[in-house]
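Written below as structure tokens is the structure these notes are about.
The values are calculated or read from the model by the stated rules, or taken from the named source; none is laboratory data. A quick note: this is a predicted structure, and the numbers were derived from the prediction, not measured. Quick reminder, even Gly has a Cβ in these numbers, built from the backbone with ideal geometry, and neighbours come from all protein chains shown. Just the protein is used for accessible areas: all its heavy atoms, side chains included, with ligands, DNA and RNA removed. Shrake-Rupley method; radii C 1.70, N 1.55, O 1.52, S 1.80 Å.
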Number of protein chains: 4
Amino acid sequence: MAGNIFGKHFTINTFGESHGDSIGVVIDGCPAGLSIDLAYIQQQLDKRKPGQSNITTQRKESDTVNVLSGVFEGKSLGTPICLTIKNEDARPEDYSEIKSTYRPSHADYTWEQKYGLRDYRGGGRSSARETAARVAAGTIAQLLLKQYGVSITAYVSQVGRLKLEKPYQQLDLNNTETNIVRCPDPEMAAQMIALIEDTKAKGDSLGGVVSCVVQGCPVGLGEPVFDKLPADLAKAMLSINAVKGFEIGSGFDGVELYGSEHNDVFDTDADGKIITTTNHSGGTQGGISNGMDIYFNVAFKPTATIMKEQQTVNTDGANTTLKAKGRHDPCVVPRAVPIVEAMAALVLADHLLRNRLSRL
Amino acid sequence: MAGNIFGKHFTINTFGESHGDSIGVVIDGCPAGLSIDLAYIQQQLDKRKPGQSNITTQRKESDTVNVLSGVFEGKSLGTPICLTIKNEDARPEDYSEIKSTYRPSHADYTWEQKYGLRDYRGGGRSSARETAARVAAGTIAQLLLKQYGVSITAYVSQVGRLKLEKPYQQLDLNNTETNIVRCPDPEMAAQMIALIEDTKAKGDSLGGVVSCVVQGCPVGLGEPVFDKLPADLAKAMLSINAVKGFEIGSGFDGVELYGSEHNDVFDTDADGKIITTTNHSGGTQGGISNGMDIYFNVAFKPTATIMKEQQTVNTDGANTTLKAKGRHDPCVVPRAVPIVEAMAALVLADHLLRNRLSRL
Amino acid sequence: MAGNIFGKHFTINTFGESHGDSIGVVIDGCPAGLSIDLAYIQQQLDKRKPGQSNITTQRKESDTVNVLSGVFEGKSLGTPICLTIKNEDARPEDYSEIKSTYRPSHADYTWEQKYGLRDYRGGGRSSARETAARVAAGTIAQLLLKQYGVSITAYVSQVGRLKLEKPYQQLDLNNTETNIVRCPDPEMAAQMIALIEDTKAKGDSLGGVVSCVVQGCPVGLGEPVFDKLPADLAKAMLSINAVKGFEIGSGFDGVELYGSEHNDVFDTDADGKIITTTNHSGGTQGGISNGMDIYFNVAFKPTATIMKEQQTVNTDGANTTLKAKGRHDPCVVPRAVPIVEAMAALVLADHLLRNRLSRL
Amino acid sequence: MAGNIFGKHFTINTFGESHGDSIGVVIDGCPAGLSIDLAYIQQQLDKRKPGQSNITTQRKESDTVNVLSGVFEGKSLGTPICLTIKNEDARPEDYSEIKSTYRPSHADYTWEQKYGLRDYRGGGRSSARETAARVAAGTIAQLLLKQYGVSITAYVSQVGRLKLEKPYQQLDLNNTETNIVRCPDPEMAAQMIALIEDTKAKGDSLGGVVSCVVQGCPVGLGEPVFDKLPADLAKAMLSINAVKGFEIGSGFDGVELYGSEHNDVFDTDADGKIITTTNHSGGTQGGISNGMDIYFNVAFKPTATIMKEQQTVNTDGANTTLKAKGRHDPCVVPRAVPIVEAMAALVLADHLLRNRLSRL
């Protein structure tokens, strides 16, 4: 009810403030017997961690994951898995000014209004640092999904006005990790990096889009009526800091097609398996996966923290100005890639398990 | 877990198939003492009901709501409110063909794969007829919200390629109900109606966008981290049949702005109340309402049922063709307006109540 | 959150007031493909219905169940099953006095304090009439459990001071339905009936105990740590009107044994199956079923409504007296037997399904 | 769904195995602004910790609590509070034998059947060590309740056949902490201690009863229909290791009274407040608190671990014998007192908050 638990069976309960002792997560509902590959968890965390390149924040965190429970002799016990990550490079002194001043387009004002007090150090729990816990948990969801042949791959498809128009089928997604912006098109990647560097130099920030593809998803995942797979994916994505939009399959562009153009007609493949010849639906029909690729886009607004002086008010409601100190990402999408993958994995793992209950 | 319950405190549990005895809903968690205005519920249902104009399906349903429980002497008791609506104009014979054939871009195939059986009459529970129960329940949520000064207004902003470019502030939303397509711009409305009539005549269908504005929302609604207000709105909208996208505030377009352009700086109004001078955030920051208008767009794909012959497969996996019979909407957005309002109201009512628990 | 939903996957959402239009239930999470035997549902409802004998209330209700959704061609669809029962013999005029007077040991006072208003007609939703909806739903849970070889049998083991000392193994539970008090020992049954008749004649009421045995339960049901099978059974039983106690296995008497007496040592049966040679544990260890019989006792207080004048206060807080009108059970346990069975079935069905998720 | 989360708004998610790295808990839904008194938490943990006297297990654990999140400048933030406790005196070598042998009346067999594997070291997560996390969390619930004038006091009322017949009103509960068995009657306490010492010397174990009194509870806590206060208390208690029974108010003995004896008639006190002249109901009517004291009993079976050779089977299903090594309590009730208080506090804190939502 207080909104720090996500999922219905495979649930995560995250905790931690940006500059507190630790952040972490308790995963409940992970089935027993899953091999827990710690190196893989760390690898995904490293994709999200700060300081990984010159286009991300320079905060230095090793983001080393500790396993407090739920794993025995390398396997999940079926009991809660608690993972923690220490906050190491906390610099609360950077935040003394925002103790009494609300940063524009940040959560300072709304949190203080809601709770009557707030941990102002780095945004406290409103910081995107919380998403490290999601990545750690999502990686375990990915390990579970791999057992069932499901893979999830996200990449950056837009930074500011630089938009990759090609659909994922025309890209080599193996290229995603070859550059620091995580765009699978090398040429576009270079442009995006240049744009981010330029914008950073100006003290400004950029928005972007992360696209995600799920392959190998079995037919039948997703629960009518409210827990449709696209509905739960949408919630998962909009729960990520800075996200303002979600679209699946044909999305907003699909609105412009006629039904006769948009419908995905059924056919059978060489093995007699039922497929659709197009996939405007984005892999789900009636909210349930149909065995085709699931693909969706997630829109991130430009980072709210900029190195320019901005008008604002203080906690007394008086006008003032503020210019950011601290360490921040000029554009969040490169580090958002593993977060989008993690949240997608959490949704799919939950539905994979829940689908075991649909029939007698 | 089976996905027919929505909300965490103010919950709805809908039930019913398109051609079964009834559809309906149980509302749990409505506070005691709310005046239940049945005429208002019926009025909202009438906006959604079939047969309301020549651009909607011709199925004839009075959609009269029955109150089985939870209301006594005109007021909510604090106990579950059960509302039912009889299915009157069921024509199961129209659906004999789809008993053994999967309609393209419908839920026939995925439901049968998931459950091993399905009620093929009008799509059974996958039919958008289920949303009548949501509208009935959402209207009670709207009655609750009105007590706190919150109003919700949705309208059609796009049909096919006809897009209303003006933001809601430049529209007179009182015009929405003056035309059958529910577009507040009379000129655009006329064009949209003509396009729908033309497309219907060709046996084809159209997509569209419904926009929604929430005004008067108090500061503090929405729960971090996962139950952010935009996250719950996104889920609510993507749970509506045919929805493929959601964006709040600046949405996908906001990606193209710089942070210095996008940030909503704080100021105080004449009464000393803290406001933002722009509202790219769409009324929420850090997932919590900030007192500004909440606005968002919902993308609907073109209706899957078209009056043209389409390729498909039957339940044995053999290739065949199908041409729709039955009664269908050439474009769903006019009837989707009250559904979007209802789902938004359910999210907001839930969060309005949950917010009572944030402080000591 | 408002407490009208029970279960985590196989959930029921009951609704309805004693003298409103109807009572009913929505069952969500029933797997698809279950044959729904309406005659069996009605048979269980008939065991609970008022007016069935001279030792129960004389309110006349046919308690005919209506299926509004979720069943198609005799089978569950996997969608919500809504069952309703009309209130037929409502006599609100019997309750005019309690509109302004609180009945001792009833819920009138607490409900009015909690909600600010109440449906005083027959106790509104605090009436045990609500349990008819539980029985209807529980019967569907029993149909599911039968598919897996699980049977549930409850009986009356105590009325007032008349206590059946024999354990269930020494009773012929087939005798339970041969007498109106539902005690499987014919001699004790006759004494109980005489006691109830005598007490009724005096305008007084009695308490009692219902015992319940679950046979054929597979190993593995129950979730640590909080959702232990005994914990969920305890909650289920204490949620029934008038229940004041629950004990499983050796229960309160087991406290007096030494560990060396109480421990259930393991052995194997002729088929090599692991069993325990005694069953003080009552079929669960560590909260999880171990394959032995599950048995427990449920204590019901004497009916609060008595035909004697009692001191009380009115809604203004002034002292007054009250003597019951209306139609009431002098002892609730005979009619509580199917309610205990239903609630046990709901717990077990939920855990049977949830247990599918424990392993990879 | 996997049963490691308790509560609906004020929720706890416990984690940890007996001999793993740590045990702990995430509390979600604690309102912001509560002063968190760490010394009080530690004091309650010390009542539960092992090695506190010669009648408890000799395992040595400091049970020092660490706060990882949710508290800032001494106050709750409204964000999840994560508390951890290191396992210090783990001796996994004591458990090598039970790796392949099932201890009678323990959870070894059922857990292995359910999950396919288990952490055999000290029972893994089935160990009562998990309850330390509940005590830590429950203490925060008690801090919250204190703000509203609610106090919770538990004590030992029975050990083996030694039963304190006096009701709580005739006891001085301040004596509870004056002796190591936590019985408020000094004479009975001495007898209980002697019995436990004698039984321990014989290598055997004892059961017992913990009684609990809640004073100062406001009217209105508890949610109909399923989440009645007694129902949630019953579940809470039966979720504690070794508990076999629960009774509230008159409980099982109340069955023997006539309604005219059992009913709690209403009156007003000197201040005009509505009270009942007796309290057989145990402080709740219709599942909702009525402002009178809430009192209940919890039955604990004799400790399963005994220092005598017992028959059992090994993991291959072959007969064998087992004699416990390791460190164990000859009777759990002295250490169960703070656990019962903690679980009661968690239920009441949850309902205290939920009750804010009952009215407009």
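Tallying residues that are at the interface with chain C (Cβ under 10 Å from one of its Cβ atoms) and either among the acidic types (Asp, Glu) or crowded, with 24+ Cβ neighbours inside 10 Å (or both) within segment B:84-96 yields 1. Taken as a whole, the condition of being open to solvent by less than 30 Å² (accessible area, probe 1.4 Å) and modelled with pLDDT under 95 does not apply to B:Pro31.
Consider D:Ala132 carefully, then state whether it is closer than 30 Å to D:Leu348 by Cβ and surrounded by 24 or more Cβ atoms within 10 Å (Cβ to Cβ). When the stated conditions are applied, D:Ala132 passes them. The single condition among (1) more than 26 Å from A:Gly3 (Cα to Cα); (2) in contact with a His (Cβ under 7 Å, 6 or more places away or on another chain) that A:Leu38 does not satisfy is (2). Contact map, segment B:255-266: first residue more than 21 Å from B:Gly291 (Cα to Cα), second residue open to solvent by 50 Å² or more (accessible area, probe 1.4 Å), Cβ cut-off under 9 Å, separation 6 or more or different chains; pairs are B:Val255/A:Arg161; B:Val255/A:Lys163; B:Glu256/A:Arg161; B:Glu256/A:Lys163; B:Tyr258/A:Lys202; B:Gly259/A:Lys308; B:Ser260/A:Lys202; B:Ser260/A:Lys308. Report yes if some residue within segment A:1-20 is assigned to a helix (DSSP H, G or I) and either within 13 Å of another protein chain (Cβ to nearest Cβ) or polar (S, T, N, Q) (or both); otherwise report no. For segment A:1-20, residues assigned to a helix (DSSP H, G or I) and either within 13 Å of another protein chain (Cβ to nearest Cβ) or polar (S, T, N, Q) (or both): absent.
For segment C:74-98, the tally of residues that are in a helix (DSSP H, G or I) and without any contact (Cβ under 8 Å) to a residue 40 or more places away in the chain stands at 1. Taking segment C:34-46 as the range and being crowded, with 20+ Cβ neighbours inside 10 Å and part of a helix (DSSP H, G or I) as the test, the residues that pass are C:Ile41, C:Gln44, C:Leu45. How many of the residues making up segment C:250-262 are open to solvent by 10 Å² or more (accessible area, probe 1.4 Å) and at the interface with chain D (Cβ under 7 Å from one of its Cβ atoms)? The total comes to 6. Just for segment B:130-149: of the residues that are within 12 Å of B:Thr14 (Cα to Cα) and charged (D, E, K, R), which one is nearest to the chain's Cα centre (by Cα)? In this case the residue turns out to be B:Arg134. Considering only residues that are without any contact (Cβ under 8 Å) to a residue 40 or more places away in the chain, closer than 16 Å to C:Asp329 by Cβ and open to solvent by 30 Å² or more (accessible area, probe 1.4 Å), which ones fall in segment C:180-199? Once the filter is applied, which keeps residues that are without any contact (Cβ under 8 Å) to a residue 40 or more places away in the chain, closer than 16 Å to C:Asp329 by Cβ and open to solvent by 30 Å² or more (accessible area, probe 1.4 Å), segment C:180-199 yields C:Leu195, C:Asp198. Scanning segment A:57-73 for residues that are more than 7 Å from chain D (Cβ to nearest Cβ) and either buried (at least 19 other Cβ atoms within 10 Å of the Cβ) or not in a strand (DSSP E or B) (or both) yields A:Thr57, A:Gln58, A:Arg59, A:Lys60, A:Glu61, A:Ser62, A:Asp63, A:Thr64, A:Val65, A:Val71, A:Glu73. Would you confirm whether any residue within segment C:273-295 is within 10 Å of chain D (Cβ to nearest Cβ), part of a loop (DSSP other than H, G, I, E, B), in contact with a Ser or Thr (Cβ under 7 Å, 6 or more places away or on another chain) and of a type in the set (Ser, Thr, Tyr)? Yes, that holds for at least one residue. Within segment B:113-122, being out of contact with any helix residue (DSSP H, G or I) (no Cβ under 9 Å at 6 or more places or on another chain) and open to solvent by less than 40 Å² (accessible area, probe 1.4 Å) holds for one residue alone: B:Tyr115.
Against the numbered list (1) in a helix (DSSP H, G or I); (2) over 23 Å from A:Ser151 (Cα atoms), A:Leu233 comes up short only at (2).
Does segment D:284-303 contain at least one residue that is surrounded by 24 or more Cβ atoms within 10 Å (Cβ to Cβ), charged (D, E, K, R) and touching a strand residue (DSSP E or B) at 6+ places or on another chain (Cβ under 9 Å)? So far as segment D:284-303 goes, yes, one or more of its residues are surrounded by 24 or more Cβ atoms within 10 Å (Cβ to Cβ), charged (D, E, K, R) and touching a strand residue (DSSP E or B) at 6+ places or on another chain (Cβ under 9 Å). Only residues that are over 24 Å from A:Arg91 (Cα atoms) and open to solvent by less than 40 Å² (accessible area, probe 1.4 Å) were counted in segment A:314-332, giving 1.
When A:His19 is tested against (1) buried (at least 23 other Cβ atoms within 10 Å of the Cβ); (2) touching a residue at least 12 places away in the same chain (Cβ under 8 Å), only condition (1) is not met. The residues in segment A:135-175 that are assigned to a helix (DSSP H, G or I) and either surrounded by fewer than 20 Cβ atoms within 10 Å (Cβ to Cβ) or out of contact with any helix residue (DSSP H, G or I) (no Cβ under 8 Å at 6 or more places or on another chain) (or both) can be counted, and the count is 8. The numbered conditions (1) free of Cβ contacts under 8 Å to residues at least 12 places away in the same chain; (2) over 22 Å from D:Arg356 (Cβ atoms); (3) among the hydrophobic types (A, V, I, L, M, F, W, C) are all true for C:Leu145 except (1). Residues in segment C:200-222 that are open to solvent by 20 Å² or more (accessible area, probe 1.4 Å) and not in a loop (DSSP other than H, G, I, E, B): C:Lys200, C:Ala201, C:Gln215. Within segment B:175-216, the set of residues being among the charged types (D, E, K, R) and within 19 Å of the chain's Cα centre (by Cα) comprises B:Glu177, B:Arg182. Residue pairs whose Cβ atoms lie under 6 Å apart, sitting 6 or more positions apart in sequence or on different chains, and linking a residue in segment C:22-47 that is more than 14 Å from chain B (Cβ to nearest Cβ) to a partner that is open to solvent by less than 30 Å² (accessible area, probe 1.4 Å) and among the hydroxyl-bearing types (Ser, Thr, Tyr), are C:Ile41/C:Thr139; C:Gln44/C:Thr139.
Within the option set A:Ser105, A:Ser76, A:Ser127, being within 12 Å of chain B (Cβ to nearest Cβ) and either buried (at least 24 other Cβ atoms within 10 Å of the Cβ) or over 22 Å from the mean Cα position of the chain (by Cα) (or both) holds for one residue only, A:Ser105.
Which of the residues that make up segment A:194-249 are of a type in the set (Asp, Glu) and at the interface with another protein chain (Cβ under 7 Å from one of its Cβ atoms)? Within segment A:194-249, A:Asp204, A:Glu223, A:Asp227, A:Asp232, A:Glu247 meet the criteria.
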